[in-house]
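To start, I am sharing the structure in question, which I have written as structure tokens.
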Amino acid sequence: MKTVFITGAASGIGLATARRFASEGWFVGLYDINAEAIERHLSGGAFPASCGGACDVTDRESVTQALAHFAEASNNCMDVLINNAGVLTAGHFESNDSAAHDAMIRVNVLGLTNVAQLAFPLLKATPNSTLLNLCSVSSVYGVPLLAVYSASKFYVNGLTQALSIEWAEHGIRVLSIKPPFVSTGMIGGIPEQLMKSFTVDFSPEQIADEIMNALAGSGGSYLPGGKAKALGFLSRVMPERLARRIVMYVTGY
């Protein structure tokens, strides 16, 4: 039985992805800072082959314990790691609370790094394993009103690219998926100015489908949806000044 470890699995994309893997017969490890929600999901009958519990990705000891818990239940096997846990706060950079900036950096950057590094031994020990990092279309070009979040996803993109080279010798595939806005609790605080242009085109279940498609493919970076693909293409081929003008236009600047 194939095995998958998912962070941020209590809700949103993480939970939808966990359900999708379970429906296809995988052994699923659901981990989240919200341990009570994980327990409810595990006892609900949707995950017949599973384990899970608390995992604060910003705390290396918490991550270590979660990985040990998963390893014991999965016979030291991790075919896929879905590095999904993340937080988002939108607004003008100078006005956002510093605690919100700190949280995005700690969870989206430090947390993702902790999980990847600490999971390496399990991934290395599992033939043809895969690390999939949840990135964002905001890593294509810096998005105003999402400055720190966008910057954190640039980090995710860079780390993914580097590890895809470094870890190839260990038989570990590393890739990212870069969704646009998804209908989850994370978009609750997005300013109306952005929502007019960056419409919510995907449900968590659709992103779970995109994740499965990415895992079945051979690429290193996936942009779900026509709008995201177009933005990714244009950012590669057009001069920086023009790319900047387009981002200013679509975000109302």
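Would you check which residues across region 85-99 are over 20 Å from Pro204 (Cβ atoms) and in contact with a helix residue (DSSP H, G or I) (Cβ under 8 Å, 6 or more places away or on another chain) and list them?
Within region 85-99, Gly91, Phe93, Asn96 meet the criteria.
Scan region 103-126 and report the pairs whose first residue is closer than 19 Å to Trp167 by Cα and whose second residue is among the acidic types (Asp, Glu) and surrounded by 20 or more Cβ atoms within 10 Å (Cβ to Cβ), with Cβ atoms within less than 6 Å and a gap of 6+ or a chain change.
Thr126/Asp79
Scan Ser95, Ser129, Ser150, Ser139 and give me the residue that is farther than 28 Å from Gly225 by Cα and of a type in the set (Ser, Thr, Tyr).
Of the residues listed, the single one that is farther than 28 Å from Gly225 by Cα and of a type in the set (Ser, Thr, Tyr) is Ser95.
Using beta carbons and a limit of 7 Å, which pairs, at least six apart or on different chains, have the first residue in region 28-53 and more than 17 Å from Ser74 (Cβ to Cβ) and at pLDDT below 95 and the second one hydrophobic (A, V, I, L, M, F, W, C) and surrounded by 17 or more Cβ atoms within 10 Å (Cβ to Cβ)?
From residues that are more than 17 Å from Ser74 (Cβ to Cβ) and at pLDDT below 95, the pairs are Ala46/Ala22.
Being over 10 Å from Ile82 (Cβ atoms) and aliphatic (A, V, I, L, M) is the filter; apply it to region 1-12 and report the residue that is surrounded by the fewest Cβ atoms within 10 Å (Cβ to Cβ).
That would be Met1.
Going by the conditions given, is Ala119 over 14 Å from the mean Cα position of the chain (by Cα), in a helix (DSSP H, G or I) and surrounded by fewer than 18 Cβ atoms within 10 Å (Cβ to Cβ)?
Answer is no for this residue.
Could you tell me how many of the residues in region 122-147 are β-branched (Val, Ile, Thr), under 23 Å from Pro204 (Cα atoms), more than 13 Å from the chain's Cα centre (by Cα) and not in a strand (DSSP E or B)?
2
Could you tell me whether Ser152 is within 14 Å of the chain's Cα centre (by Cα) and of a type in the set (Ser, Thr, Tyr)?
Here the answer is yes, as Ser152 does meet what is asked.
With Asn128, Asn133 as the choices, which residue is touching a strand residue (DSSP E or B) at 6+ places or on another chain (Cβ under 8 Å), modelled with pLDDT of 95 or more, of a type in the set (S, T, N, Q) and buried (at least 19 other Cβ atoms within 10 Å of the Cβ)?
Testing whether each residue is touching a strand residue (DSSP E or B) at 6+ places or on another chain (Cβ under 8 Å), modelled with pLDDT of 95 or more, of a type in the set (S, T, N, Q) and buried (at least 19 other Cβ atoms within 10 Å of the Cβ) leaves just Asn133.
Then there's this: Go through region 165-253 and tell me which helices (runs of 4 or more DSSP H), entirely inside it, have 1 or more residues that are within 21 Å of Asn133 (Cα to Cα) and modelled with pLDDT of 80 or more.
204-216
Would you mind stating whether Asn108 is touching a helix residue (DSSP H, G or I) at 6+ places or on another chain (Cβ under 9 Å), part of a loop (DSSP other than H, G, I, E, B) and within 22 Å of Phe181 (Cα to Cα)?
In short, no.
The values are calculated or read from the model by the stated rules, or taken from the named source; none is laboratory data. Since we're looking at a predicted model, the values are computed, not measured. As a convention, Cβ positions derive from the backbone with ideal geometry for all residues, glycine included, and neighbour counts pool all protein chains shown.
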